[in-house]
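Below: the structure, in C-alpha coordinates.
The values are calculated or read from the model by the stated rules, or taken from the named source; none is laboratory data. All of these numbers come straight from a predicted model, not from anything done at the bench. In this analysis, Cβ positions are derived from the backbone assuming ideal geometry, glycine residues included, and neighbour counts consider all displayed protein chains. SASA here: full protein model, heavy atoms, side chains in, ligands and nucleic acids out. Shrake-Rupley method; radii C 1.70, N 1.55, O 1.52, S 1.80 Å.
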Amino acid sequence: MRPRLAVLTRIRRAALCCGHTRRLSSCAGSGLVVGSSRELVQRLGSKVEVRTAFISEEEEGTLLRELEPSLKKKRYEFDHWDDAIHGYRETERLSWGAACEEVLNRVRTVAFPEGSPLLGPVHILDLDKTGYIKPHIDSVKFCGSTIAGLSLLSDSIMRLVKEGANDEWLDLLLPRHSLYILRDEARYNFTHEILKDEESVFNGKKVPRLRRISVICRNLPS
Ligand code: OGA
Ligand code: MN
(Lines give C-alpha, C1' and ligand atoms only; values in the text may rest on other atoms or scores of the structure.)
(Ligands and ions follow the chains in the order given, each with its own letter.)
Protein backbone atom coordinates (compact mmCIF):
# COMPACT_ATOMS: atom_id res chain seq x y z
CA MET A 1 0.00 0.00 0.00
CA ARG A 2 2.70 2.53 -0.80
CA PRO A 3 2.17 3.89 -4.29
CA ARG A 4 1.83 7.46 -3.08
CA LEU A 5 5.02 7.28 -1.08
CA ALA A 6 6.81 6.01 -4.13
CA VAL A 7 5.79 9.15 -5.97
CA LEU A 8 6.93 11.36 -3.13
CA THR A 9 10.25 9.58 -2.97
CA ARG A 10 10.86 10.36 -6.60
CA ILE A 11 10.64 14.04 -5.76
CA ARG A 12 14.03 13.84 -4.14
CA ARG A 13 17.21 13.19 -5.95
CA ALA A 14 19.80 12.56 -3.29
CA ALA A 15 22.97 14.51 -3.88
CA LEU A 16 26.19 13.49 -2.25
CA CYS A 17 27.41 16.25 -0.10
CA CYS A 18 29.78 16.27 2.81
CA GLY A 19 32.53 18.15 4.60
CA HIS A 20 30.56 21.31 5.23
CA THR A 21 33.17 23.69 6.62
CA ARG A 22 31.96 26.48 8.84
CA ARG A 23 33.44 29.76 7.85
CA LEU A 24 32.57 33.40 7.81
CA SER A 25 28.96 34.05 8.71
CA SER A 26 27.32 37.16 7.42
CA CYS A 27 23.83 38.18 8.28
CA ALA A 28 21.15 39.17 5.82
CA GLY A 29 18.78 41.95 6.81
CA SER A 30 16.19 39.59 8.22
CA GLY A 31 18.58 37.85 10.60
CA LEU A 32 17.14 34.56 9.34
CA VAL A 33 19.86 33.88 6.77
CA VAL A 34 23.58 33.41 7.35
CA GLY A 35 26.08 32.13 4.86
CA SER A 36 29.63 31.47 3.82
CA SER A 37 30.05 35.00 2.46
CA ARG A 38 28.20 38.28 2.33
CA GLU A 39 28.20 38.08 -1.46
CA LEU A 40 26.45 34.73 -1.45
CA VAL A 41 23.87 35.89 1.09
CA GLN A 42 23.16 38.89 -1.10
CA ARG A 43 23.12 37.05 -4.41
CA LEU A 44 21.10 34.07 -3.30
CA GLY A 45 19.03 36.19 -0.93
CA SER A 46 16.59 37.08 -3.71
CA LYS A 47 16.07 33.37 -4.44
CA VAL A 48 15.38 32.46 -0.83
CA GLU A 49 12.63 33.84 1.35
CA VAL A 50 11.62 33.19 4.94
CA ARG A 51 8.38 34.84 6.06
CA THR A 52 7.92 34.63 9.81
CA ALA A 53 4.47 34.27 11.40
CA PHE A 54 2.96 33.40 8.04
CA ILE A 55 0.31 31.37 9.84
CA SER A 56 -1.27 31.95 13.23
CA GLU A 57 -1.32 29.47 16.09
CA GLU A 58 -4.99 28.88 15.31
CA GLU A 59 -4.25 28.13 11.65
CA GLU A 60 -1.52 25.73 12.71
CA GLY A 61 -4.12 23.94 14.87
CA THR A 62 -6.57 23.79 11.96
CA LEU A 63 -3.93 22.29 9.67
CA LEU A 64 -2.86 19.79 12.32
CA ARG A 65 -6.41 18.63 13.01
CA GLU A 66 -6.84 17.93 9.32
CA LEU A 67 -3.47 16.21 8.89
CA GLU A 68 -3.00 14.18 12.05
CA PRO A 69 -5.58 11.45 11.29
CA SER A 70 -3.85 10.38 8.06
CA LEU A 71 -0.35 10.75 9.54
CA LYS A 72 -1.26 8.69 12.59
CA LYS A 73 -2.09 5.72 10.37
CA LYS A 74 1.58 5.53 9.39
CA ARG A 75 4.69 4.60 11.24
CA TYR A 76 7.83 6.72 11.27
CA GLU A 77 10.49 5.28 8.96
CA PHE A 78 13.92 4.97 10.56
CA ASP A 79 15.48 2.11 8.69
CA HIS A 80 16.12 3.30 5.16
CA TRP A 81 19.56 4.80 5.52
CA ASP A 82 19.87 5.40 1.80
CA ASP A 83 16.71 7.52 1.78
CA ALA A 84 17.03 11.28 1.70
CA ILE A 85 15.06 11.42 4.95
CA HIS A 86 15.52 9.69 8.28
CA GLY A 87 12.82 9.37 10.97
CA TYR A 88 9.76 10.53 9.09
CA ARG A 89 6.31 9.73 7.85
CA GLU A 90 4.63 11.48 5.00
CA THR A 91 1.45 11.83 3.07
CA GLU A 92 -0.07 14.05 0.44
CA ARG A 93 -3.41 15.77 0.20
CA LEU A 94 -5.37 17.01 -2.76
CA SER A 95 -8.54 18.38 -1.22
CA TRP A 96 -8.72 20.38 1.97
CA GLY A 97 -11.33 21.91 4.24
CA ALA A 98 -12.14 25.57 3.60
CA ALA A 99 -9.97 27.00 6.39
CA CYS A 100 -6.89 25.04 5.28
CA GLU A 101 -7.55 25.84 1.64
CA GLU A 102 -7.51 29.51 2.53
CA VAL A 103 -4.07 29.18 4.14
CA LEU A 104 -2.77 27.24 1.16
CA ASN A 105 -4.10 29.82 -1.26
CA ARG A 106 -2.14 32.44 0.63
CA VAL A 107 0.98 30.32 0.19
CA ARG A 108 0.27 29.88 -3.53
CA THR A 109 -0.31 33.61 -4.03
CA VAL A 110 2.95 34.73 -2.45
CA ALA A 111 5.17 31.87 -3.66
CA PHE A 112 4.32 31.12 -7.27
CA PRO A 113 4.21 33.24 -10.39
CA GLU A 114 0.66 33.89 -11.51
CA GLY A 115 -0.62 31.14 -13.80
CA SER A 116 2.22 28.76 -12.95
CA PRO A 117 0.76 25.24 -12.96
CA LEU A 118 1.11 23.64 -9.55
CA LEU A 119 1.67 20.06 -8.49
CA GLY A 120 -1.90 19.13 -7.44
CA PRO A 121 -1.31 17.31 -4.17
CA VAL A 122 0.30 19.16 -1.27
CA HIS A 123 3.08 17.18 0.40
CA ILE A 124 3.09 16.71 4.17
CA LEU A 125 6.25 15.59 5.87
CA ASP A 126 6.26 14.70 9.57
CA LEU A 127 9.76 14.53 11.05
CA ASP A 128 10.17 12.80 14.38
CA LYS A 129 12.21 14.71 16.99
CA THR A 130 15.18 12.55 15.99
CA GLY A 131 14.41 12.81 12.28
CA TYR A 132 16.24 14.90 9.71
CA ILE A 133 16.49 15.50 5.97
CA LYS A 134 19.79 14.80 4.25
CA PRO A 135 21.18 17.03 1.49
CA HIS A 136 19.25 16.54 -1.74
CA ILE A 137 17.83 18.35 -4.72
CA ASP A 138 14.16 17.84 -5.55
CA SER A 139 13.72 15.97 -8.81
CA VAL A 140 13.68 18.33 -11.78
CA LYS A 141 11.51 15.80 -13.57
CA PHE A 142 8.65 16.11 -11.11
CA CYS A 143 8.91 19.64 -9.71
CA GLY A 144 9.40 23.09 -11.18
CA SER A 145 11.35 26.16 -10.19
CA THR A 146 9.73 26.91 -6.84
CA ILE A 147 9.32 25.06 -3.53
CA ALA A 148 7.33 26.63 -0.69
CA GLY A 149 6.96 25.13 2.77
CA LEU A 150 5.16 25.93 6.01
CA SER A 151 6.82 24.84 9.26
CA LEU A 152 4.55 23.52 12.01
CA LEU A 153 5.36 22.53 15.61
CA SER A 154 9.08 23.34 15.64
CA ASP A 155 11.77 25.77 14.61
CA SER A 156 14.44 24.24 12.39
CA ILE A 157 17.45 25.06 10.27
CA MET A 158 17.52 24.51 6.54
CA ARG A 159 21.01 24.38 5.05
CA LEU A 160 21.69 25.06 1.37
CA VAL A 161 25.03 23.92 -0.04
CA LYS A 162 26.16 24.61 -3.58
CA GLU A 163 26.52 21.46 -5.64
CA GLY A 164 30.17 20.87 -6.35
CA ALA A 165 31.33 23.68 -4.03
CA ASN A 166 30.81 22.69 -0.40
CA ASP A 167 32.32 25.92 0.86
CA GLU A 168 29.39 27.91 -0.52
CA TRP A 169 26.45 27.58 1.84
CA LEU A 170 23.53 29.34 3.45
CA ASP A 171 21.71 28.48 6.66
CA LEU A 172 18.08 29.56 6.97
CA LEU A 173 16.38 29.75 10.33
CA LEU A 174 12.86 28.46 9.80
CA PRO A 175 10.81 29.47 12.81
CA ARG A 176 7.65 27.57 13.66
CA HIS A 177 4.72 29.18 11.74
CA SER A 178 7.00 30.55 9.03
CA LEU A 179 6.88 30.03 5.27
CA TYR A 180 10.06 29.45 3.29
CA ILE A 181 10.38 29.71 -0.47
CA LEU A 182 13.26 28.39 -2.59
CA ARG A 183 13.45 29.56 -6.17
CA ASP A 184 15.52 28.99 -9.30
CA GLU A 185 19.25 28.83 -8.48
CA ALA A 186 18.54 28.10 -4.79
CA ARG A 187 16.33 25.20 -5.81
CA TYR A 188 18.38 23.83 -8.75
CA ASN A 189 22.03 24.46 -7.88
CA PHE A 190 22.05 24.01 -4.11
CA THR A 191 21.19 20.96 -2.06
CA HIS A 192 18.83 21.57 0.85
CA GLU A 193 18.59 19.71 4.12
CA ILE A 194 16.94 20.02 7.54
CA LEU A 195 19.47 19.62 10.33
CA LYS A 196 19.09 17.04 13.09
CA ASP A 197 18.59 18.30 16.62
CA GLU A 198 22.25 17.75 17.64
CA GLU A 199 23.45 19.96 14.78
CA SER A 200 20.71 22.52 14.99
CA VAL A 201 22.73 25.64 15.80
CA PHE A 202 22.09 28.95 14.08
CA ASN A 203 24.63 31.74 14.31
CA GLY A 204 26.11 30.13 17.42
CA LYS A 205 22.74 29.64 19.12
CA LYS A 206 21.10 26.27 19.74
CA VAL A 207 17.75 25.91 17.97
CA PRO A 208 15.99 22.93 19.57
CA ARG A 209 14.51 20.67 16.89
CA LEU A 210 11.30 19.06 18.09
CA ARG A 211 8.87 17.03 16.04
CA ARG A 212 8.28 19.11 12.92
CA ILE A 213 5.60 18.92 10.25
CA SER A 214 6.07 20.70 6.96
CA VAL A 215 3.37 21.42 4.39
CA ILE A 216 5.03 21.81 1.02
CA CYS A 217 3.66 23.22 -2.25
CA ARG A 218 5.52 22.84 -5.53
CA ASN A 219 4.93 23.85 -9.10
CA LEU A 220 5.28 21.64 -12.15
CA PRO A 221 8.31 21.71 -14.42
CA SER A 222 7.73 23.99 -17.40
C1 OGA B 1 11.49 17.40 0.77
C2 OGA B 1 12.07 18.50 1.59
C3 OGA B 1 11.72 20.15 3.34
C4 OGA B 1 10.81 20.42 4.48
O5 OGA B 1 10.55 16.74 1.22
O6 OGA B 1 11.99 17.19 -0.36
O7 OGA B 1 13.10 18.99 1.27
O8 OGA B 1 10.63 21.59 4.81
N9 OGA B 1 11.36 18.95 2.66
O10 OGA B 1 10.28 19.47 5.06
MN1 MN C 1 13.43 18.71 -0.88
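For the range 153-162, the set of residues classified as part of a strand (DSSP E or B) and more than 8 Å from ligand 1 (Cβ to nearest atom) consists of ILE157, ARG159, LEU160, VAL161, LYS162, listed by residue number. For the range 188-222, a residue qualifies if it is within 13 Å of ligand 1 (Cβ to nearest atom), part of a strand (DSSP E or B) and farther than 30 Å from GLU102 by Cβ, and the qualifying residues are PHE190, THR191, GLU193.
One line per residue, one yes/no per condition, for (1) out of contact with any strand residue (DSSP E or B) (no Cβ under 7 Å at 6 or more places or on another chain); (2) closer than 26 Å to VAL207 by Cα:
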residue	(1), (2)
ILE55	no, yes
SER70	no, no
LYS73	yes, no
TYR76	no, yes
ILE85	no, yes
TYR88	no, yes
ARG93	no, no
GLY115	yes, no
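Here ILE137, ILE124, ILE157 are screened, and the one residue that is touching a helix residue (DSSP H, G or I) at 6+ places or on another chain (Cβ under 6 Å), within 16 Å of ligand 2 (Cβ to nearest atom) and not small (Gly, Ala, Ser) is ILE124. Restricting attention to the range 79-137, the residues that are without any contact (Cβ under 8 Å) to a residue 40 or more places away in the chain and over 18 Å from ARG218 (Cβ atoms) total 7.
Of everything in the range 73-125, what is of a type in the set (Ser, Thr, Tyr), part of a loop (DSSP other than H, G, I, E, B) and open to solvent by 60 Å² or more (accessible area, probe 1.4 Å)? Give them in sequence order.
Residues of the range 73-125 that are of a type in the set (Ser, Thr, Tyr), as a first pass: 76, 88, 91, 95, 109, 116.
Now narrow it down to the ones that are part of a loop (DSSP other than H, G, I, E, B): 76, 95, 116.
Listed by number, the list holds a single entry, SER95.
Within the range 99-125, being within 10 Å of ligand 1 (Cβ to nearest atom) and more than 26 Å from TRP169 (Cβ to Cβ) holds for one residue alone: ILE124. Looking only at residues in the range 195-222 that are over 30 Å from PRO69 (Cβ atoms) and basic (Lys, Arg), the one that is surrounded by the fewest Cβ atoms within 10 Å (Cβ to Cβ) is LYS205. For the range 138-152, a residue qualifies if it is more than 9 Å from ligand 1 (Cβ to nearest atom) and assigned to a strand (DSSP E or B), and the qualifying residues are THR146, ALA148, LEU152.
Count of the range 38-65 residues, restricted to those that are of a type outside the set (Val, Ile, Thr) and within 21 Å of VAL110 (Cβ to Cβ), is 14. Please verify whether PRO175 is within 21 Å of GLU59 (Cα to Cα) and open to solvent by 10 Å² or more (accessible area, probe 1.4 Å), treating the condition exactly as stated. It is true that PRO175 is within 21 Å of GLU59 (Cα to Cα) and open to solvent by 10 Å² or more (accessible area, probe 1.4 Å). Right, ARG183: under 20 Å from GLY45 (Cα atoms), away from ligand 2 (no atom under 13 Å from the Cβ) and open to solvent by less than 60 Å² (accessible area, probe 1.4 Å) or not? So ARG183 fits the description; yes.
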